[in-house]
Amino acid sequence: MYKNSNIICDARNGFEDEKDNNTLVLNVFYTIVEGKREAFYKKVNEARIPQQSRLEEGNLKYEYYFPVESENQILLIEIWKDEASFNAHKEMEPFKKLQIIKEEYVMDVKFEKYTDK
């Protein structure tokens, strides 16, 4: 079971060998400058941020989703083997590139963080 304050969800389907790990799930909600969602997503992919992040040690998932109810939002779901893997990701080039791109396109970011402890 994954816990975030009052939110509990079961995200075990499809996970392998996480019993001894402290698996980290991040839901990252981006509010994009109006009319710029497609441009943001294109820029992120041109920089190969998702592809490179997926190759990092400890990454289990790194996927962007477009909520149908909002044209100015993007949801990024990241799953990491443990907190240490995510912390290492924050020091890597794809993460740094994303911060630069966000300066131009992102108005707001909200996080939900889930762990199996």
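Packing order of peptides 24-32, 46-54, 60-68, highest average first: 24-32, 46-54, 60-68 (average count of other Cβ atoms within 10 Å over each peptide's residues). In a simple Cβ point-charge model (Lys, Arg +1; Asp, Glu -1; nothing else charged), region 27-115 has a dipole of about 160 debye relative to its Cα centre. Across region 34-48, computed HN-Hα scalar couplings (Karplus, 6.51 cos²θ - 1.76 cosθ + 1.60, θ = phi - 60°) run 3, x, 10, 4, 4, 5, 4, 4, 4, 4, 4, 6, 4, 7, 6 Hz from first to last residue, x flagging Gly and Pro.
In this structure the amide hydrogen of residue 82, modeled in the peptide plane, comes within under 5 Å of the amide hydrogens of 24, none closer than 5 places in sequence on its chain.
Here region 27-115 is treated as an ellipsoid with the same Cα gyration tensor; its semi-axes, largest first and in whole Å, are 22, 15, 11.
Label sites at residue 68 and residue 107, each approximated as a point 7 angstrom past Cα along Cα to Cβ, lie 2.4 nm apart.
In this simple spin-label approximation, residue 91 and residue 45 carry label points 7 Å from Cα along the Cα→Cβ vector, and these lie 3.2 nm apart.
FYI, it's all coordinate maths here, none of it is from the lab. Computed from a predicted model, the values in this text were never measured in an experiment. Cβ sites come from the backbone with ideal geometry, for glycine too, and all protein chains shown count toward neighbours.
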